[in-house]
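The values are calculated or read from the model by the stated rules, or taken from the named source; none is laboratory data. This one's a predicted model, so the numbers in the text were calculated from it and none came from an experiment. Quick note on the areas: whole protein, heavy atoms, side chains included, nothing else; ligands and nucleic acids left out. Shrake-Rupley method; radii C 1.70, N 1.55, O 1.52, S 1.80 Å.
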Amino acid sequence: MEMILVFISAALVNNFVLSRSLGICPFIGVSKRMDTSLGMGLAVTVVMGLASAITHGVYNFVLVPLGLTFLHIITFVLITACLVQVVEMYLKKNSPGLYKALGIFLPLITTNCAVLGALLLNIELFAGSMLLAVIHALGAAAGFTLALVLFSGIRERLRYSPVPKILEGVPLAMLVAGLMSIAFLGFTGMITL
């Protein structure tokens, strides 16, 4: 039951994009088309899940025993960068269309604050349980993907809607993101960790 609560909390209640304002750059940049949003969400899910497991082990079994915990942010970014390179090579070989569509945002997963935020929260909240840390990261990634896909669906519909000239583009995207954020605030208090 605790695992389900951790997952739902990370995905909906404490959504990284809409509640914590982490990962806004790809949220705005990649969300113009549904297929690229889903591809980015899946890439972030793979990276966040694997990075969570690896960084949890490295932190608890290498950095803590050696007294090098002050290096945790650098270590986490390096691990994330390595995983992003693997995902990038995989997409370049197996899905060149998605690779091109994601463009600069794919390598930017390395410095995506949602990924780093999940890894840092895992240390703070789930230092004793790798399983809960990975479930939290997967929930955060699912929430990121959900927000990205919902936002891209709305933006695709708005592209063909009559919108005042002054609101076209980024202003309307910001209004929609704000309204989505308010909607996700409805989950606040549902689950507390």
(request) On a 0 to 90° scale, report how tilted helix 130-159 is relative to the longest principal axis of the chain, with both axes built from alpha carbons and the result rounded to the nearest 10. (result) 10 degrees
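Share of region 1-109's accessible area from carbon and sulfur, percent, 1.4 Å? Don't jump to the answer; show the numbers that get you there.
Values: 4070 of 5500 Å².
Of all accessible area on region 1-109, carbon and sulfur atoms account for 74 percent.
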(request) For the chain, with a Gaussian network of springs between Cα atoms less than 10 Å apart, report the residue from LEU71, LEU18, LEU119 with the top mean-square fluctuation. (result) LEU71
(message) Between LEU68, LEU12, LEU50, where does the largest GNM mean-square fluctuation fall for the chain, given springs only between Cα atoms within less than 10 Å?
(response) LEU68
(request) State, as an integer percentage, the relative contact order of region 50-193 based on alpha-carbon contacts under 8 Å between residues 6 or more apart. (result) 24 percent
(request) As a check on your grasp of the helix formula, calculate [θ] at 222 nm for the chain: sum -39500 (n - 2.57) over DSSP H runs of n ≥ 4, divide by the residue count, round to the nearest 500. (result) -21500 deg cm²/dmol
(message) Looking at the chain as a GNM with Cα springs under 10 Å, which of MET34, MET48, MET89 has the largest mean-square fluctuation?
(response) MET89
(request) Please give the per residue accessible area of the chain, computed with a probe of 1.4 Å over protein heavy atoms only, in Å². (result) 51 Å²
(message) How tilted is helix 72-94 with respect to the longest principal axis of the chain? Cα atoms for both, answer in degrees (0 to 90, nearest 10).
(response) 50 degrees
(request) If a/c stays under 1.5 just call it rounded; otherwise compare a/b with b/c (prolate if a/b is bigger, oblate if not). Do that for region 1-98, with a ≥ b ≥ c from the square roots of the Cα gyration tensor eigenvalues. (result) oblate
(request) Considering the convex hull of the alpha carbon atoms of the chain, report its projected area averaged over all viewing directions, in nm², one decimal. (result) 11.6 nm²
(request) Give the cross-link partners of LYS32 among the lysines, using a straight C-alpha distance below 19 Å as the criterion and excluding same-chain residues fewer than 8 apart. (result) LYS100, LYS165
